[in-house]
Amino acid sequence: MTQNSCFTTWLRAHAKDESAIGDLARDVAADPDWPSRRRLSGQREYLEERGAIPAAVETLERAWDLYEARQER
């Protein structure tokens with residue numbers, strides 16, 4: 001499993017969170033076309049191509065930062 005698909009798994013685990021990351025996680029879990037194997041730049045592009053609001057893109061970037069910080073422990 002690549003780090004990118006591991007990120008998607010990590011993100012989906014937050015689907016019950018009452019936060020912006022939880023909202024994003026629910027959206028990703030419900031999206032059969034989510035590019036789980038693409039890097040952050042590809043996932044950001046995917047959201048932007050689909051007209052995501054800037055806050056959603058910012059949430060994706062914040063989620064990546066949190067994920068990467070946990071990987072460095």
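Mind running the shape call on the chain? Use the C-alpha gyration tensor, a ≥ b ≥ c as the square roots of the eigenvalues: rounded below 1.5 for a/c, prolate if a/b tops b/c, oblate otherwise. Spell out each step's value before the answer.
Details: a/c = 1.38, a/b = 1.19, b/c = 1.16.
Taking the square roots of the gyration eigenvalues as a ≥ b ≥ c, the chain is rounded.
For the chain, what is the mean residue ellipticity at 222 nm derived from helices alone (per DSSP H run of n ≥ 4: -39500 (n - 2.57); sum divided by total residues; nearest 500 deg cm²/dmol)?
Theoretical 222 nm ellipticity from helices: -21000 deg cm²/dmol.
For the stretch 3-54, what relative contact order do you get, as a whole percent, if you take Cα pairs closer than 8 Å and at least 6 residues apart?
Computed value for the stretch 3-54: 31 percent relative contact order.
So what J values fall out for the stretch 12-27 if you push phi through Karplus, 6.51 cos²θ - 1.76 cosθ + 1.60 with θ = phi - 60°, rounded to Hz, Gly and Pro as x?
Values per residue, Gly and Pro as x: 4, 5, 9, 4, 8, 5, 8, 7, 4, 5, x, 4, 4, 4, 5, 5 Hz.
Which of 29, 55, 15 moves most in a GNM of the chain, Cα contacts under 10 Å?
55
For the chain, with only Lys/Arg (+1) and Asp/Glu (-1) charged at the beta-carbon, what is the dipole magnitude about the Cα centre, in debye rounded to 20?
For the chain, the charge dipole is close to 300 debye.
FYI, it's all coordinate maths here, none of it is from the lab. Treat the numbers as computed from the prediction; the structure is a model and nothing was measured. Cβ sites come from the backbone with ideal geometry, for glycine too, and all protein chains shown count toward neighbours.
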